[in-house]
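The values are calculated or read from the model by the stated rules, or taken from the named source; none is laboratory data. Quantities reported herein were computed from a predicted structural model and do not represent experimental measurements. Glycine also receives a Cβ, built like all others from the backbone with ideal geometry; neighbour counts cover every protein chain displayed. All accessible areas refer to the heavy atoms of the entire protein, side chains included, with ligands and DNA or RNA removed. Shrake-Rupley method; radii C 1.70, N 1.55, O 1.52, S 1.80 Å.
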4 protein chains.
Amino acid sequence: MTIKIFVTGGTFDKEYDEIKGELFFNKTHLTEMLKLGRCELKVKIETLMMIDSLNMTDTDRKFILDNCKKAKEEKILITHGTDTMVKTAKFLASFVKDKTIILTGAMIPYKFGSSDGLFNLGSSLTFVQTLPHGIYISMNGKYFHWNNVRKNKETGKFEKILID
Amino acid sequence: MTIKIFVTGGTFDKEYDEIKGELFFNKTHLTEMLKLGRCELKVKIETLMMIDSLNMTDTDRKFILDNCKKAKEEKILITHGTDTMVKTAKFLASFVKDKTIILTGAMIPYKFGSSDGLFNLGSSLTFVQTLPHGIYISMNGKYFHWNNVRKNKETGKFEKILID
Amino acid sequence: MTIKIFVTGGTFDKEYDEIKGELFFNKTHLTEMLKLGRCELKVKIETLMMIDSLNMTDTDRKFILDNCKKAKEEKILITHGTDTMVKTAKFLASFVKDKTIILTGAMIPYKFGSSDGLFNLGSSLTFVQTLPHGIYISMNGKYFHWNNVRKNKETGKFEKILID
Amino acid sequence: MTIKIFVTGGTFDKEYDEIKGELFFNKTHLTEMLKLGRCELKVKIETLMMIDSLNMTDTDRKFILDNCKKAKEEKILITHGTDTMVKTAKFLASFVKDKTIILTGAMIPYKFGSSDGLFNLGSSLTFVQTLPHGIYISMNGKYFHWNNVRKNKETGKFEKILID
């Protein structure tokens, strides 16, 4: 079993530009993070884009969808900015039925030391192995169905819309 | 749903004694790690012992078993040294049938910066949510059934005995 | 001997706002850094402002000057953004003759893991102990007299204007 | 001006052997640390030995002395375990009069995240630039003359024997 990882950017991969004193995107840190976690799963990493999810367009989402459909793998992990993660999940859910797709992200960039990214990565790679077909968001050790989740903008946490 | 976490020591929690220049055990770092990972799961952490698993006795294993049985929670995570993790898993498997128990550990102490512990913790807390009743070992993003796993002493990695 | 440390902000103390996804200033990390470095010097830390040095006004510089003059301590360290560090050093040099004042900063925020701040802090606290009265900039293990230094905007490094 | 750095091992360079679960010495981290600190000084690093200073013999000390004498550089930094650092300083002081030699170390290994090593390195490279000829120990932001220092074995800190 091989897991496909699509990188789209988001807080996960933000870096600090020391000349300009600003945040920016360079290359993904996924390979480095998997090595740090001593991950022994078979994964294929492919960077689709490196953007803040607030800047993600419909064309970008279509591109993500096309890649999810095209992928031979049945299990797909997408790293994504948290701000529009739910929107992308909904879009994918309309068109993909026969795969397990997990979207995950981070609140603190991996390069900034105290990142939640490594924990989320471990958690998401596990959900993608064990959950049935469907589109899910995985954050904070939890998973959410695409149609019952929202980001609480004040706390920065993901939560169910309808509590069961 | 609440997840019970039993701490038994192992590399996860090793620290550096700066006066003696040696490794030692103090308190567990689990709470700190869950905070770093921004974990939002309901967990109850209980330290049963703080030892190197090479020093774990039959009495210690009996004590772990008793606590697993006594626990109200159906989902249990045990942090454990990797050297005798398989032995403890086998012992628990003989007596516990109606719970999901995951044993996990780390190759590098959490306090030593480049730890695989945070990744394993995220991964294990997910397996415990999604796997059916049984005793499992979770390392390197993978899970293993208690009766089909061994630690490769040369590579330090866990692997299946019988490849399926 | 007590060393006075005046905090003015700069890259040293930048943090990541996880709700807004932006850089911001909160409290100084100097106390934490001195603890990490196991510093045993007597220091008094006082935060004068928490700003990006690009936003530092003449009024701000006057406020720093007044505090340098008023301080009982003969040895003063100022943490400062690198962009206008030279400007502040020149301003102080016109008015303070009887103290050793070191300005220092960082290219990467302390909270972002790979910071040069701890190295610069160790270096600067040593220059302030050993250099004669005067105004200096300390970066990258080197010290510069206020009147023979510039920041190279392309490399981000400080360098002498006239090579001796 | 070039600074010679002689590496002898000590806590600075201890690493964690993940197969054996023990501390060990591999290669020095000095180059990596200088890069992290963005040090722009001209330095030449030479590893003389990689040992715990409790195991340092008279032959080892003689070898360090010979290298200090032979070095063209007038400014020398020696990384050294803290336990017998004072002994080595005394030995060197009997034979070297025309150089500035700083011995430094760490209480926590650099690889273990919360190391005081980077702070000490910044501090020591500054003392070696600014102090007159002599043999000194630099720890915790302070410097000590070779003949007025001891390591307090209970606190792990270096202190003056005679307070001035």
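How large is the dipole of chain C about the Cα centre if only Lys and Arg carry +1 and Asp and Glu carry -1, each at its Cβ, rounded to the nearest 20 debye?
520 debye
Does the stretch D:8-164 classify as rounded, prolate or oblate by the C-alpha gyration tensor (a ≥ b ≥ c root eigenvalues; a/c under 1.5 gives rounded; else a/b over b/c gives prolate, otherwise oblate)?
Rounded.
For the protein assembly as shown, just say rounded, prolate or oblate: build the C-alpha gyration tensor, square-root its eigenvalues into a ≥ b ≥ c, call rounded for a/c under 1.5, and beyond that prolate if a/b exceeds b/c, oblate if not.
oblate
For A:Lys90 paired with C:Phe24, estimate the spin-label separation in nm (one decimal), with each label point 7 Å from Cα along the Cα-to-Cβ line.
Spacing of the two 7 Å Cα→Cβ label points: 2.7 nm.
If you build a Gaussian network model of chain A, linking Cα atoms that sit under 10 Å apart, which residue out of A:Thr100, A:Thr126, A:Thr79 swings the most?
Of the options given, A:Thr126 has the highest mean-square fluctuation.
Nm distances between the label at A:Thr59 and the same-position labels in the remaining copies, 7 Å along Cα→Cβ, shortest first?
4.6, 7.2, 7.2
Hey, how many Å between the Cα centroid of the stretch B:103-164 and the Cα centroid of the stretch D:89-164?
Between the Cα centres of the stretch B:103-164 and the stretch D:89-164 lies a distance of 44 Å.
Go ahead and estimate [θ] at 222 nm for the protein assembly as shown from helices alone: -39,500 (n - 2.57) per DSSP H run with n ≥ 4, summed, over the residue count, rounded to 500.
Taking each H run of at least 4 residues, the total per residue is -8000 deg cm²/dmol.
Can you send over the carbon and sulfur percentage of the accessible area for the protein assembly as shown, probe radius 1.4 Å, protein chains only? Before the final figure, lay out the partial values.
Numbers: 14290 of 28220 Å².
Accessible surface attributable to carbon and sulfur in the protein assembly as shown totals 51 percent.
Order D:Thr11, A:Thr59, most accessible first, counting only protein heavy atoms with a 1.4 angstrom probe.
Per-residue accessible area, sorted high to low, gives A:Thr59, D:Thr11.
Where is the GNM fluctuation largest for chain D (alpha-carbon springs, 10 angstrom cutoff): D:Gly141, D:Gly81, D:Gly113?
In this elastic network of chain D, the residue with the biggest mean-square fluctuation among D:Gly141, D:Gly81, D:Gly113 is D:Gly113.
Using only protein heavy atoms and a 1.4 Å probe, how much accessible area in total is buried between C and D, to the nearest 100 Å²?
Details: alone 8980 and 8960 Å², together 15560 Å².
Using a 1.4 Å probe on protein heavy atoms, the buried area is about 2400 Å².
Counting only GluC sites (Glu not before Pro) that are in a DSSP loop and have at most 15 other C-beta atoms within 10 Å, tell me the longest site-free stretch of chain A. Mind showing how you got there, number by number?
Details: sites that count: A:Glu40, A:Glu74, A:Glu154.
Of all site-free stretches, the longest is A:75-153.
Restricting to chain C, compute how many DSSP beta bridges are antiparallel as a %, nearest 5.
Numbers: 10 of 32 bridges.
Around 30 percent of the beta bridges assigned by DSSP in chain C are antiparallel ones.
Which whole-number percent is the relative contact order of chain B (Cα, under 8 Å, 6+ apart)?
Taking the mean separation of contacting Cα pairs over the length of chain B, I get 23 percent.
Could you pull the copy-to-copy label distances for A:Phe95, with points set 7 Å along Cα to Cβ, in nm to one decimal and sorted shortest first?
Nearest to farthest, the other copies are at 5.5, 6.3, 7.6 nm.
For the stretch B:1-76, what class follows from the C-alpha gyration tensor (a ≥ b ≥ c being the square roots of its eigenvalues): rounded when a/c is under 1.5, otherwise prolate if a/b is larger than b/c, else oblate? Could the numbers behind the result be given before it?
Details: a/c = 3.61, a/b = 1.24, b/c = 2.92.
Taking the square roots of the gyration eigenvalues as a ≥ b ≥ c, the stretch B:1-76 is oblate.
Take the cross-link list B:Lys62/B:Lys87; B:Lys35/B:Lys75; A:Lys111/B:Lys44; D:Lys35/D:Lys70; B:Lys72/B:Lys97; A:Lys4/A:Lys87 and give me the ones stretching past 24 Å between alpha-carbons.
Those over the limit are A:Lys111/B:Lys44; D:Lys35/D:Lys70.
Label B:Thr47 and A:Lys157 with points 7 Å out from Cα along Cα→Cβ: what is the distance between them in nm?
Placing both labels 7 Å along Cα→Cβ, they lie 2.6 nm apart.
So, in Å, what gap is there between the alpha-carbon centers of the stretch D:1-75 and the stretch C:39-87?
36 Å
From the label point of D:Leu162, set 7 Å from Cα along Cα→Cβ, how far away are the matching label points in the other copies, in nm, ordered shortest to longest?
4.4, 7.9, 8.4
Can you list residues from other chains, or at least 5 along the same chain, whose modelled amide H is less than 5 Å from the amide H of D:Ile51?
D:Gly9, D:Gly10
Specify the residue with the greatest mean-square fluctuation among A:Ile78, A:Ile137, A:Ile64, computed from a Gaussian network of chain A linking alpha-carbon atoms under 10 Å apart.
A:Ile64
Taking every DSSP beta bridge with both residues inside the stretch B:61-143, roughly what % is antiparallel (nearest 5)?
So the antiparallel bridges in the stretch B:61-143 amount to around 15 percent.
Can you list the HN-Hα couplings for the stretch D:142-148, worked out from phi with the Karplus curve (6.51, -1.76, 1.60; θ = phi - 60°), rounded to whole Hz and with x for Gly and Pro?
10, 10, 10, 6, 3, 9, 9
Closest approach to the C-B rotation axis by any Cβ of C: residue and distance in angstrom?
C:Gly113, 5
Show me D:101-108, C:90-97 ranked by packing, highest mean number of other Cβ atoms within 10 Å first. Don't skip to the answer; put the middle values down first.
Values: D:101-108: 25.5, C:90-97: 14.8.
Ranked from most to least packed, the peptides come out as D:101-108, C:90-97.
To check you understand DSSP bridge types, tell me what percent of the beta bridges within the protein assembly as shown (both residues inside) are antiparallel, rounded to 5. Could you put the intermediate results ahead of the total?
Working: 40 of 128 bridges.
If we restrict to bridges inside the protein assembly as shown, about 30 percent are antiparallel.
For B:21-30, what's the mean count of beta carbons from other chains sitting within 10 Å of each residue's beta carbon?
Details: counts 14, 2, 4, 0, 0, 0, 0, 0, 0, 0.
So the per-residue partner count for this stretch is 2.
Which far-off residues, 5 or more places away or on another chain, put their amide H under 5 Å from the one on C:Leu77, with H placed in the peptide plane?
Amide H neighbours of C:Leu77, under 5 Å, 5+ apart: C:Lys4, C:Ile5, C:Phe6, C:Ile102.
So if I place +1 on the C-beta of Lys and Arg and -1 on the C-beta of Asp and Glu, and nothing else carries charge, what would the dipole magnitude of the stretch C:26-73 be about its Cα centre? I want it in debye, nearest 20. Walk me through the numbers before you get to the answer.
Numbers: 10 positive and 8 negative charges, 53 e Å.
The calculation lands at about 260 debye.
Count, for each residue of C:122-133, the Cβ atoms from other chains sitting within 10 Å of its Cβ, then give me the mean as a whole number.
Going residue by residue through C:122-133 and averaging, the value is 6.
On a full-extension model of 0.36 nm per residue, what is the gain between C:Asp66 and C:Asp98, subtracting their alpha-carbon distance, rounded to one decimal in nm?
Here the answer is 10.1 nm.
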